[in-house]
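A short write-up of the structure that comes next.
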Amino acid sequence: MSTPVNLDTIRLVPKVLLHDHLDGGLRPQTVIDLARAAGYAGLPHEDADELGRWFAAAADSGSLERYLETFSHTVAVMQTAEALARVAAECVEDLAADGVVYAEIRYAPELFQEQGLTLDRIVAAVQDGFRDGERRAAAEGKRIRIGTLLCAMRQNARSAEIANLAVRYRDSEVVGFDIAGPEAGFPPTRNLDAFEYLRQQNAHFTIHAGEAFGLPSIWEAIQHCGAERLGHGVRIVDDIKVDEDGSVHLGRLASYIRDRRIPLEMCPSSNLQTGAAKSIAEHPIGLLAKLRFRVTVNTDNRLMSHCSMSSEFAALHEAFGYGWADMQWFAVNAMKSAFIGFDERLEIIDDVIKPGYAALLE
Ligand SMILES: O=c1[nH]cnc2c1ncn2[C@@H]1O[C@H](CO)[C@@H](O)[C@H]1O
Ligand SMILES: [Zn+2]
């Protein structure tokens with residue numbers, strides 16, 4: 001008899017996460033502890049459950065800009081090396097407990113300088129925290145590896161500096177670069193110098209595109225900037241036409257993205273909150289997966305979007321009937337798309353992912 005698919009069983013299978021923001025995944029109690037230590041009086045609640053509910057409700061705003069406002073609280077309490085290391089270590093513990101075996105976690109170092117930390121100190125503190133978290137997970141019998149992505153914020157003008165920082169730490173598990181923040185009004189081409197530099201350095205980068213703004217943003221990210229992956233990319237469906245008889249027509253951009261196997265870092269729950277999709281059942285991930293785009297499933301912000309990798313898969317199972325074979329497909333897609341070396345990716349696919357699903361697929 002095959003193992004039933006539910007939240008508890010999904011937590012046990014190996015999962016791969018490519019798109020998760022460090023400042024969007026704090027435990028509510030940690031936000032409270034750190035706020036107290038920092039003397040930050042701006043939190044809307046002092047009780048962990050209430051605070052968790054507040055973040056999810058406030059982020060459930062219908063717009064990316066309002067969703068992003070909630071980060072002012074998490075960023076405010078992440079201004080010391082100790083706080084950054086704690087948040088990073090707990091992030092790894094939480095992912096490992098959820099059955100994530102490989103994750104790329106991103107954050108914008110420039111946001112953590114309010115009390116004078118240097119960019120180097122910030123990166124070092126977070127890397128220490130990740131290594132600490134990996135060790136703690138291993139002590140619990142959980143194998144997990146974390147790669148870091150450094151983000152520059154679209155509304156600021158520091159992308160060249162942050163790209164340089166990412167390259168300097170490339171041998172210390174900083175595996176790539178991204179730009180995040182409000183999309184409308186901040187096209188990715190504003191950061192062309194950073195992307196050109198990264199390409200010259202043979203470094204990897206993804207770009208948040210096609211979340212709050214449509215096809216032009218995706219096209220620029222791929223064709224002008226050279227992004228290897230797309231953060232969200234949901235609006236690529238605007239370039240796909242499905243006729244009443246079910247026949248499907250891909251436009252040139254959608255075809256290019258599918259033909260080139262460009263990975264889409266899809267984050268269903270987050271998209272519902274920012275208004276990029278109406279419900280999980282109507283989320284473009286269903287169509288895109290059916291059309292065999294290189295789709296991956298991600299959390300974006302576990303605190304604000306009140307989700308985990310397992311809860312995202314449980315919701316997708318509910319909406320689209322995905323089973324173990326589909327979940328393995330998503331995990332392999334994500335692992336193929338990771339920014340670590342090819343041999344390391346293969347090793348995780350062959351030694352961890354496939355054995356993890358083998359018994360379920362018999
Ligand atoms: O879905 C998103 N789209 C764009 N920007 C985001 C999203 N989620 C978080 N951030 C932004 O990325 C920064 C670095 O982690 C966060 O501070 C937040 O402002
Ligand atoms: Zn994101």
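The values are calculated or read from the model by the stated rules, or taken from the named source; none is laboratory data. All figures in this text were calculated on a predicted structure; none of them were measured in a lab. So basically every Cβ, Gly included, is an ideal-geometry build from the backbone, and we count neighbours across all protein chains shown. When the accessible area is computed, the model is the full protein with side chains, heavy atoms only, and any ligands, DNA or RNA have been set aside. Shrake-Rupley method; radii C 1.70, N 1.55, O 1.52, S 1.80 Å.
Quick rundown of the values:
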read-out: The stretch 157-293: C-alpha gyration tensor shape, a/c 1.5 cut-off, then a/b vs b/c; value: prolate
read-out: For residue 199, net neighbour charge (Lys/Arg +1, Asp/Glu -1) across residues whose Cβ lies under 12 Å away; value: -3
read-out: Alpha-carbon centroid distance for the pair the stretch 255-305 / the stretch 36-92, whole angstrom; value: 25 Å
read-out: Contact order normalised by residue count of the chain, Cα under 8 Å, 6+ apart, percent; value: 20 percent
read-out: Relative contact order of the stretch 207-263, defined on C-alpha pairs under 8 angstrom at six or more residues apart (%); value: 33 percent
read-out: Selected from 290, 336, 278 as most flexible by GNM, with the chain as the system and alpha-carbon contacts under 10 Å; value: 290
read-out: Charge context of residue 136, other residues only, Cβ under 15 angstrom, K/R +1, D/E -1; value: -1
read-out: Accessible surface of the chain [probe 1.4 Å, protein heavy atoms]: carbon and sulfur percent; value: 50 percent
read-out: Highest-first arrangement of 118-124, 263-269, where packing means the average Cβ count within 10 Å; value: 263-269, 118-124
read-out: Kirkwood-Stokes translational diffusion coefficient of the chain, alpha-carbon pairs, 25 °C, 0.890 mPa s, µm²/s; value: 120 µm²/s
read-out: Residue-averaged [θ]222 nm for the chain, counting only DSSP H segments that reach four residues, each worth -39500 (n - 2.57); value: -13000 deg cm²/dmol
read-out: Label zone at residue 168, where the point sits 7 Å out along the Cα-to-Cβ direction: the stretch 69-90 residues whose backbone N lies under 20 Å; value: 79-82, 84-85
read-out: GNM top mover of 245, 343, 47 - the chain, alpha-carbon springs below 10 Å; value: 245
read-out: Highest-first arrangement of 164-172, 93-101, where packing means the average Cβ count within 10 Å; value: 93-101, 164-172
read-out: Derived scalar couplings ³J(HN,Hα) [the stretch 17-29; Karplus, 6.51 cos²θ - 1.76 cosθ + 1.60; whole Hz; x for Gly, Pro]; value: 10, 9, 9, 8, 8, 4, 7, x, x, 5, 5, x, 5
read-out: Three-way shape call for the stretch 223-343 based on the alpha-carbon gyration tensor, with the a/c threshold at 1.5; value: rounded
read-out: Residue pairs, from the table 15/278; 15/336; 142/290; 290/336; 241/278; 15/241, whose Cα atoms sit over 23 Å apart; value: 15/278; 142/290; 15/241
read-out: GNM top mover of 326, 178, 23 - the chain, alpha-carbon springs below 10 Å; value: 326
read-out: ³J(HN,Hα), Karplus 6.51/-1.76/1.60, whole Hz, each residue of the stretch 216-232, x for Gly, Pro; value: x, 5, 5, 4, 4, 4, 7, 8, 9, 8, x, 4, 7, 9, 10, x, 6
read-out: Charge context of residue 227, other residues only, Cβ under 12 angstrom, K/R +1, D/E -1; value: -1
